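> Below you will find the structure I want to go over with you.
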Amino acid sequence: MSRHPRVPVRTLAALSGSLVLAGTLTACGGDSAASDAKVVTVYSADGLKGENGDGWYDKVFKDFEKKTGIKVKYVEGGSGEMVQRAVREKSNTQADVIVTLPPFIQQADEKGLLQAYEPKGSEHVDGANKAPDGKWTSVVNNYFGFIHNKKELGGAKAPKTWDELTDSAYKNKLQYSTPGVAGDGTAVLIKAMHDFGGKEPAMKYLEKLQSNNVGPSASTGKLAPKVDKGELLVANGDVQMNYAQSKDMPNLGIWFPAKKGKKPTTFALPYAAGLVNKAPHSANAKKFLDYLLSRTAQAQVSEIGGGFAARKDIKATDANAIALDKLMDGVEVFEPDWDDISKNLKSYVEDWKSATGS
């Protein structure tokens with residue numbers, strides 16, 4: 001593959017976690033007098049906000065407020081969780097912007113949660129990474145991956161294949177986030193179905209893997225500290241989030257499971273942002289989306305966030321960009337059928353529950 005793999009079509013998946021609310025949500029409607037308030041409410045999948053206030057979102061929120069005077073009120077959870085919350089609030093819309101991974105950004109659109117808006121700078125985003133009708137645009141490119149504890153599984157002991165994970169050495173030392181709730185959990189299903197050549201063999205494998213699995217987790221982001229401490233040896237994640245976490249969690253090693261005898265694989269899981277239909281602060285939301293795709297914010301994606309810029313005219317050369325480029329070298333990037341996944345996700349999750357007894 002190329003040194004900078006092309007991110008696939010109709011992109012983004014949820015990470016997850018407990019809700020984090022910065023500030024009090026407005027309860028006003030889109031046409032109320034409060035719609036001019038200096039605030040924008042963002043519902044987002046986790047991964048872009050730092051554990052210690054040092055993430056890409058932390059920098060973007062601070063700079064955006066300084067530039068515009070608009071305060072960002074932030075709610076964090078799994079991609080599926082954020083979409084479900086926005087659906088429940090359709091009669092009294094709270095969010096202005098929603099940021100989630102695929103296939104949940106497509107589901108948000110299908111459920112009537114998004115309105116068309118093409119942010120300034122979106123003309124530099126590859127056509128595969130934004131909706132043709134302007135309903136959503138990728139703001140940070142990203143890839144699905146796994147993590148392992150480098151201290152316990154260093155060098156030759158580091159796992160390379162799916163098959164290794166069924167070994168008894170991983171009993172109660174392996175965990176992945178819940179498909180259908182967390183974006184990266186859903187990604188486990190997508191990658192397994194691709195690598196094993198279909199739904200049935202993938203479910204058969206995940207059934208076997210279940211004997212080693214600690215159990216469900218709504219949050220992908222919360223698995224990394226457990227891996228770093230050695231409570232877990234292996235967990236799922238994504239490149240951007242785990243690379244950013246590795247700055248404070250030195251035992252995290254990012255890897256991509258391969259089918260035995262095959263190359264390691266991954267697929268794109270970008271963070272995609274959309275303007276919420278009937279957003280209480282629509283004008284502020286548009287300014288915020290413009291800022292996410294500004295040259296300033298995009299140039300900071302790798303340096304601060306440990307991710308890949310969504311704008312193809314941003315050529316990052318910082319140390320993180322070089323390390324990320326090396327990490328992706330030799331990994332085969334495939335393109336999921338997001339239309340199929342969005343349409344059949346519920347049945348895939350039900351099949352997974354049946355196979356694993358979850």
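> Of the conditions (1) in a loop (DSSP other than H, G, I, E, B); (2) over 17 Å from the mean Cα position of the chain (by Cα), Gly221 clears all except one; give me its number.
Only one criterion is unmet by Gly221, namely (2).
> Here is a further query. Name the single residue that is nearest to the chain's Cα centre (by Cα) among those in the range 120-145 being surrounded by 24 or more Cβ atoms within 10 Å (Cβ to Cβ) and not in a strand (DSSP E or B).
Asn142
> Here is a follow-up. Which of the residues belonging to the range 52-99 are of a type in the set (Val, Ile, Thr) and either over 21 Å from Thr137 (Cβ atoms) or assigned to a helix (DSSP H, G or I) (or both)? Spell out the reasoning first.
To start, the set of residues in the range 52-99 that are of a type in the set (Val, Ile, Thr) comprises 60, 68, 70, 72, 75, 83, 87, 93, 97-99.
Matches in the range 52-99: Val60, Thr68, Val83, Val87.
> Under 6 Å between Cβ atoms, at least 6 apart or on separate chains: pull out the pairs that start in the range 310-321 with a residue that is within 18 Å of Asp290 (Cβ to Cβ) and end on any residue that is hydroxyl-bearing (Ser, Thr, Tyr).
These pairs meet every condition: Ala310/Ser138.
> Take the range 90-104 and flag every residue that is among the hydrophobic types (A, V, I, L, M, F, W, C) and either in the same structural domain as Val181 (by TED's automatic domain parsing) or at pLDDT 95 or above (or both). Full working, then the answer.
Kept after step one, since they are among the hydrophobic types (A, V, I, L, M, F, W, C), are these residues of the range 90-104: 95, 97-99, 101, 104.
Ala95, Val97, Ile98, Val99, listed by residue number.
> Just name the residue that is nearest to the chain's Cα centre (by Cα) out of those in the range 224-246 that are in a helix (DSSP H, G or I) and among the β-branched types (Val, Ile, Thr).
Looking only at the range 224-246, we keep the residues that are in a helix (DSSP H, G or I), and these are 224-229, 239-245.
Those still in the list that are among the β-branched types (Val, Ile, Thr) too: 227, 239.
On the way: Val227: 19, Val239: 9 Å.
Once the filter is applied, the top-ranked residue is Val239.
> Sticking with this one: Can you say whether Phe144 is aromatic (Phe, Trp, Tyr) and farther than 18 Å from Val239 by Cα, as far as the supplied structure shows?
On the way: aromatic (Phe, Trp, Tyr): yes; farther than 18 Å from Val239 by Cα: no.
Judged against the criteria, Phe144 is not a match.
> Further, regarding this structure: Condition first: of a type in the set (Asp, Glu) and either over 15 Å from the mean Cα position of the chain (by Cα) or not assigned by TED's automatic domain parsing to the domain that holds Met249 (or both). Now tell me which residues in the range 150-194 satisfy that.
The initial filter retains those residues of the range 150-194 that are of a type in the set (Asp, Glu), namely 152, 163-164, 167, 184.
Listed by number, the residues that qualify are Glu152, Asp163, Glu164, Asp167.
> Please state which of the following conditions Gly197 fails to meet, knowing it meets all the rest: (1) under 18 Å from the mean Cα position of the chain (by Cα); (2) under 20 Å from Asp337 (Cβ atoms); (3) not in a helix (DSSP H, G or I).
For Gly197, the exception is condition (1).
> Within the range 153-193, which residues are of a type in the set (A, V, I, L, M, F, W, C), surrounded by fewer than 20 Cβ atoms within 10 Å (Cβ to Cβ) and in a strand (DSSP E or B)?
none
> Still on this structure: Got a sec? Which of Val75, Val87 is modelled with pLDDT of 95 or more and buried (at least 17 other Cβ atoms within 10 Å of the Cβ)?
Details: Val87 fails: buried (at least 17 other Cβ atoms within 10 Å of the Cβ).
After ruling out the rest, the residue left standing is Val75.
Let's see how each residue does on (1) in contact with a Leu (Cβ under 9 Å, 6 or more places away or on another chain); (2) in the same structural domain as Val214 (by TED's automatic domain parsing):
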position: Ala258; (1), (2): no, yes
position: Asp313; (1), (2): no, no
position: Thr317; (1), (2): no, no
position: Leu345; (1), (2): yes, yes
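> Tally the residues that are among the hydroxyl-bearing types (Ser, Thr, Tyr) and buried (at least 24 other Cβ atoms within 10 Å of the Cβ), restricting the search to the range 90-115. Steps first, please.
From the range 90-115, those among the hydroxyl-bearing types (Ser, Thr, Tyr) are 91, 93, 100; that's our starting set.
Those still in the list that are buried (at least 24 other Cβ atoms within 10 Å of the Cβ) too: 100.
Final tally of qualifying residues: 1.
The values are calculated or read from the model by the stated rules, or taken from the named source; none is laboratory data. In this text the structure is predicted, and so the values were computed from the model without any measurement. As a convention, Cβ positions derive from the backbone with ideal geometry for all residues, glycine included, and neighbour counts pool all protein chains shown.
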